[in-house]
Amino acid sequence: MLFGGVDTEKYVGDMMRVDILPDEKLGGAYTHFTINMTSMKAKSPSGEDTLTSEGYPIQVVLDSGTTLTFLPADLVTQVWEEAGVEFNDILKEGLIPCSRRNSPGLFVFGFGGPDGPKIEVPMDELVLDLTLGGAPPFPGNSQYKGQDACLFGVQPFTEAPYILGDTLLRSAYVVYDLVNNQIGLAQTDFNETGSKIVSFENNGSTIPMSTIAPNQGRLDTAAELKDPSYAARDGFQSAAWARSVFQVSAWLAMACAFLVLA
């Protein structure tokens, strides 16, 4: 945690600022770190899908005190279909095979309109252990019978404001500007060990090394609500999918080289 500055070595790409939303029920006071989430995509080696929701723009609270991410049910239904999540009647939560932690798929969260910041969240941030000990197996009536069961990091919620918890925030470098009521977002660089801190110039100056997201009042999804084609779904299944595609591609390349030499 850093006060009064930004460590530019801890994120990749550009940092963009979005406006914090006031609480209209309390006379426009700023009571939570609430911003507009305006898009979500699923991406994997098999394809890409734009996920839709009647709730866009979705008011979301950035809450590091919450482990999971809670979003509207219509959006979560699509997320679960892409990732292969199964609802458990006993726990009343979505579960997923622990092996999906190694999946090459990811989800892209968009904020503050079509030109705002985008945060990529990989599957290893979304597949969580259910217990401190060994993982329990899926029951016999499950499509994943016998496989180790883990908790999925995105669950449905009934009404706004929705919550972006640790399963998203770990992938984002977040700067909270309490003077200008803005939040800066950039993609976390998990591999960087160095540090380069840039201080705020003064009380009231904007977040250093950042630009404001334009067109924050617009959405970057199609106006028509429709189910995605789930082109990304196959690529979420396992790391084996990506390896098999690579192996086939390599085999074809070798075969072509052999024919040329022949």
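Laboratory data are not the source of any read-out in this text; all were calculated from the coordinates shown. Everything quoted here is computed from the prediction, not taken from an experiment. Backbone-built Cβ (ideal geometry, glycine too); neighbour counts: all protein chains shown.
Things worth noting here:
- Helix 73-83 axis versus longest C-alpha principal axis of the chain: approximately 40°, rounded to the nearest ten.
- Net dipole in debye of the stretch 40-113 [+1 Lys, Arg Cβ; -1 Asp, Glu Cβ; about Cα centre; nearest 20]: 280
- Using only side-chain charges placed at the Cβ, +1 for Lys and Arg and -1 for Asp and Glu, the dipole size of the chain relative to its Cα centre rounds to 480 debye.
- 0 to 90° range, to nearest 10: angle between helix 239-261 axis and the chain longest Cα axis: 60
- Under 5 Å, built H, 5+ apart or other chain: amide partners of Gly5: Phe200
- For the stretch 5-261, averaging the sequence separation of C-alpha pairs within contact (under 8 Å, six or more residues apart) and dividing by the residue count gives a relative contact order of 33 percent.
- Amide hydrogen neighbours beyond the local backbone of Thr66, cut-off 5 Å, H modeled: Asp166
- Between the stretch 48-112 and the stretch 148-182, the C-alpha centres lie 11 angstrom from each other.
- The stretch 84-232: relative contact order as a whole-number percent, Cα under 8 Å and 6+ apart: 24
- The stretch 136-199 - charge dipole about Cα centre, Lys and Arg +1 at Cβ, Asp and Glu -1, debye rounded to 20: 140
- Among 28-37, 180-189, 89-98, 198-207, the peptide with the highest mean count of other Cβ atoms within 10 Å heads the list, and the full ranking is 180-189, 28-37, 89-98, 198-207.
- Charge tally around Glu86: other residues with Cβ under 15 Å, Lys/Arg +1 each, Asp/Glu -1 each, net -1.
- Packing rank of 112-118, 130-136, where each peptide gets the mean count of other beta carbons within 10 Å, highest leading: 112-118, 130-136
- Close amide H pairs (under 5 Å, H built 1.01 Å from N) link Ala149 with Cys98, Phe138, residues at least 5 positions away or on another chain.
- Our summary of shape: the Cα atoms of the stretch 5-261 have principal axis extents of 64, 56, 43 Å, ordered from largest down, in whole angstrom.
- Selected from Ser99, Ile20, Leu2, residue furthest toward positive end of dipole (the chain; charges at beta carbon): Ser99
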